[in-house]
Amino acid sequence: MRQLLLLRHAKSAWDDPALPDHARGLSPKGRRAAAQMRAAIHSLGLVPDVVLVSTARRTMQTLEAIEPWDEMPIIEPLDRLYLASAAQLLGVLHGVASTVRSLMLVGHNPGLHELAIALARGHCVSSNRHEAEGMLRRLAEGFPAGALAEFTIASEWRDLGEGGGRLVRFLCPRDLPEMAS
């Protein structure tokens, strides 16, 4: 069984309209949210073997905000993750080595959200029907800045396709008590 963690970059800054999109960093709210997500990720014991991250400044800053881990993963910044579609993201996942058991992908919407929807296709790990339906409904509604979707994957990475994941959790910064206010 494999683990896939999809993390959308935290809220980005829009204060400099002349700045190219790729160079936009995190807003102060985004930095706070990423720090709170770090605490949640670590308390849940989510430690990937490999992290694939878009080279955009806001994704790199999000990753920096959730580091370090007790066991540092291999980190691979990839230009092709920048604003990648769900199909392009899936193509990247198909190239992951079969020895990788836990992978985090730090990227952007709409591709990340579309990939999460395609992987889940109504499948959730929770045995509580109402909890599962609620989690899947929340995922269908959107993938907010800073959100994390955790999936279990039964196949090899190269065989991963639509419906190939089971949603374990969907956690948004607003779910955390520190960010609720």
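The values are calculated or read from the model by the stated rules, or taken from the named source; none is laboratory data. Not measured: the values here are computed from a predicted model. Don't worry about glycine lacking a Cβ; one is built from the backbone with ideal geometry, like all the others, and counts go over all protein chains shown.
Observations
- Of all residues in region 81-97, those satisfying the criterion of being in a loop (DSSP other than H, G, I, E, B), out of contact with any strand residue (DSSP E or B) (no Cβ under 6 Å at 6 or more places or on another chain) and of a type outside the set (A, V, I, L, M) are S85, G95.
Residues are listed down the side, and each one gets a yes or a no for (1) closer than 22 Å to R169 by Cα; (2) hydrophobic (A, V, I, L, M, F, W, C); (3) in contact (Cβ under 8 Å) with a residue 12 or more places away in the chain:
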residue: H9; (1), (2), (3): yes, no, yes
residue: G30; (1), (2), (3): yes, no, yes
residue: G45; (1), (2), (3): yes, no, no
residue: P48; (1), (2), (3): yes, no, yes
residue: R57; (1), (2), (3): no, no, yes
residue: P73; (1), (2), (3): yes, no, yes
residue: L93; (1), (2), (3): yes, yes, yes
residue: L105; (1), (2), (3): yes, yes, yes
residue: A118; (1), (2), (3): yes, yes, yes
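- The set of residues from region 111-133 being loosely packed, with under 14 Cβ neighbours inside 10 Å and either touching a helix residue (DSSP H, G or I) at 6+ places or on another chain (Cβ under 8 Å) or modelled with pLDDT of 95 or more (or both) comprises just one member, G122.
- Scanning region 148-172 for residues that are at pLDDT 95 or above and charged (D, E, K, R), we see that the one that is nearest to R129 (Cα to Cα) is E150.
- Residue within region 98-106 that is assigned to a helix (DSSP H, G or I) and of a type outside the set (S, T, Y) present: no
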